[in-house]
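Right, one structure below, let's go through it.
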Amino acid sequence: MSTAAALDDEQLRARFVELKPALAAQAARIEADRCLNCFDAPCTAACPTHIDVPGFIKRIASKNLRGSALRILDANILGASCARVCPVDVLCEGACVMNRQNRKPIQIALLQRHAMDFFWSSGETMPAAAPGAHKVRVACIGGGPASLACAAELCRRGARATVIDRRDLPGGLNTYGVAEYKLRASDSVREVEMIRRLGVEFRCGVEVDSADSLEALEAGFDFIFLGLGLGAMQRLNIPGEESEGVMNALELIAAYKTGHLRQLHGTVAVVGAGNTAIDAANAARRLGAETVYMVYRRSEAEMSAFDFEYEHAKQEGVQFLWHRKPVAIGRDEPGRLLLETVQVRETNGKLEVVPGTESAIACDLVVPAIGQSPLTQLLQDLRGVEIRDGKIVADRGTGRTGNPKYYAGGDCVNGGREVVDAVAGGKRAAMAILKTAEATHA
Ligand code: SF4
């Protein structure tokens with residue numbers, strides 16, 4: 001790892017300054033005035049949480065920023081973070097009617113952020129429901145967006161919810177796993193504080209990892225919501241993977257977001273070509289690595305990262321090595337890491353090694369980033385909850401699992417999608433839990 005001088009807090013903040021600058025008040029009003037206030041609002045239909053987009057934009061145009069923010073929060077309690085991390089090109093902004101007229105779509109994300117930034121900076125809070133309107137008690141396992149949305153919705157409607165998370169801070173990937181130039185950990189934590197003020201209880205640093213711990217929760221709560229997210233990054237399963245200097249993408253992102261990793265140097269090789277791989281590669285560049293390669297066994301056309309993420313990585317100076325498959329991690333004479341690769345080609349849908357194409361990349365850090373594994377261990381302990389392909393089987397509309405006490409949402413159900421999908425899943429489950437509780441007088 002790096003021997004260069006570590007960056008201090010101010011330098012780190014400067015390196016990871018937010019990607020898109022905020023709109024100034026006048027620019028926001030001008031942009032809001034462009035919105036056609038469409039009756040059928042395809043932007044709202046494209047949002048998994050169905051934020052009333054024309055409704056909140058109209059309030060910005062009329063300088064009612066508080067009303068605008070409350071409109072957003074009503075549909076999406078994580079409206080502030082979603083304004084920063086949503087892939088709006090393929091969601092609301094991609095659906096904006098302006099595209100059909102060959103005009104620039106309304107900058108919905110920046111307007112949403114404008115309203116939410118006002119809400120935070122003016123110290124506004126959300127109106128809370130009278131506690132006890134519902135007697136139901138719900139444990140939400142996992143502290144990420146799905147659980148936060150579920151717990152917030154429950155408390156807003158007068159029920160009691162407890163979020164249980166193994167980490168020190170809640171927020172899940174919003175706090176630990178999103179690139180800092182998109183969403184600062186401090187902003188994620190601030191959003192969680194707002195949810196806490198709604199009455200949600202948080203138990204952090206608590207692991208729910210066995211049948212016994214689940215049984216204890218079953219005894220103490222009427223329902224359990226599983227917002228477990230996904231497990232650890234998948235292993236490359238190649239020799240040398242345990243070497244010092246190998247750190248997976250989520251570890252790297254969490255390390256710099258928490259101030260534990262403050263400088264890199266030399267060459268970094270990121271293995272994979274998804275959005276998290278790109279976040280890690282860009283972070284490596286900003287932390288000081290002179291050369292960053294992304295090594296991917298397939299082609300540019302097959303990478304899973306969004307186009308805008310790919311473009312961003314190229315702008316950051318990340319270099320892409322296509323059709324390269326890592327086969328081992330060794331060391332050269334001076335002791336640097338050697339990521340040994342071979343070229344592969346696709347024949348009849350299968351990747352095969354091209355003979356005589358062995359080559360090695362001398363580097364200072366290797367970052368596996370080939371996706372996360374399911375949380376199989378805990379899932380095996382869930383009686384009556386069906387697991388298919390490592391994912392929890394739950395009703396799409398309600399999040400209800402095969403065990404009537406358990407509901408689920410977010411990545412552990414959908415296999416890993418956007419924050420906004422997790423929010424929608426958590427919210428749907430909360431509504432279904434309340435409906436069931438009312439029907440059974442829980
Ligand atoms: Fe406004 Fe575009 Fe939504 Fe129409 S589709 S309401 S123009 S943001």
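Scanning the stretch 40-57 for residues that are charged (D, E, K, R) and more than 9 Å from the ligand (Cβ to nearest atom) turns up just one, Asp52.
I'd like the full set of residues that are in a helix (DSSP H, G or I), of a type outside the set (A, V, I, L, M) and within 9 Å of the ligand (Cβ to nearest atom), limited to the stretch 85-96. I'd like the intermediate steps shown before the answer.
Our first condition is that a residue be in a helix (DSSP H, G or I); within the stretch 85-96, this holds for 85, 88-90, 92-95.
Then drop every residue that is not of a type outside the set (A, V, I, L, M), which leaves 89, 92-94.
Cys92, Glu93 - these are the residues of the stretch 85-96 that are in a helix (DSSP H, G or I), of a type outside the set (A, V, I, L, M) and within 9 Å of the ligand (Cβ to nearest atom).
Of all residues in the stretch 369-404 being basic (Lys, Arg) and out of contact with any strand residue (DSSP E or B) (no Cβ under 8 Å at 6 or more places or on another chain), which is modelled with the lowest pLDDT? Don't jump to the end; show me each part of the working.
Step one: list which residues in the stretch 369-404 are basic (Lys, Arg), which gives 383, 388, 391, 396, 400.
Now drop any that are not out of contact with any strand residue (DSSP E or B) (no Cβ under 8 Å at 6 or more places or on another chain), which leaves 383, 388, 391, 396.
On the way: Arg383: 80, Arg388: 88, Lys391: 89, Arg396: 94.
So the residue we want is Arg383.
Residues in the stretch 58-84 that are away from the ligand (no atom under 15 Å from the Cβ) and β-branched (Val, Ile, Thr): Ile77 only. Whether a residue is acidic (Asp, Glu), part of a helix (DSSP H, G or I), out of contact with any Phe, Trp or Tyr (no Cβ under 6 Å at 6 or more places or on another chain) and without any contact (Cβ under 8 Å) to a residue 24 or more places away in the chain was assessed, and Asp74 passes this test. Gln343 fulfils the conditions (1) more than 28 Å from Gln11 (Cβ to Cβ); (2) without any contact (Cβ under 8 Å) to a residue 24 or more places away in the chain; (3) not in a strand (DSSP E or B) except for a single criterion, (3).
You will find that of Asn99, Asn37, the residue that is over 25 Å from Ser188 (Cβ atoms), in a loop (DSSP other than H, G, I, E, B) and within 16 Å of the ligand (Cβ to nearest atom) is Asn37 and no other. The single residue among Arg15, Arg29 that is surrounded by 15 or more Cβ atoms within 10 Å (Cβ to Cβ), more than 9 Å from the ligand (Cβ to nearest atom), over 25 Å from Ala149 (Cα atoms) and outside the structural domain of Met98 (by TED's automatic domain parsing) turns out to be Arg15. Applying the criterion of being in a loop (DSSP other than H, G, I, E, B) and either at pLDDT below 95 or more than 16 Å from the ligand (Cβ to nearest atom) (or both) to the residues of the stretch 103-128, the residue that is farthest from Ala25 (Cα to Cα) is Ala128.
Taking first residues from the stretch 78-89 that are not assigned by TED's automatic domain parsing to the domain that holds Glu418 and of a type in the set (D, E, K, R) and partners that are modelled with pLDDT of 95 or more and outside any loop (DSSP other than H, G, I, E, B), the Cβ contacts under 8 Å between residues at least 6 apart in sequence or on separate chains come to Arg84/Ala109; Arg84/Arg113. Number of residues in the stretch 46-70 that are among the charged types (D, E, K, R) and either in contact (Cβ under 8 Å) with a residue 60 or more places away in the chain or touching a Leu at 6+ places or on another chain (Cβ under 9 Å) (or both) equals 1.
Tell me, please, whether a residue that is among the β-branched types (Val, Ile, Thr), surrounded by 20 or more Cβ atoms within 10 Å (Cβ to Cβ) and outside any helix (DSSP H, G or I) can be found in the stretch 172-190. Yes - at least one qualifying residue is present in the stretch 172-190.
The values are calculated or read from the model by the stated rules, or taken from the named source; none is laboratory data. None of these values were measured; they are calculated from a predicted model. Neighbour counts are summed over all protein chains in view; Cβ atoms, including those assigned to glycine, are modelled from backbone coordinates with ideal geometry.
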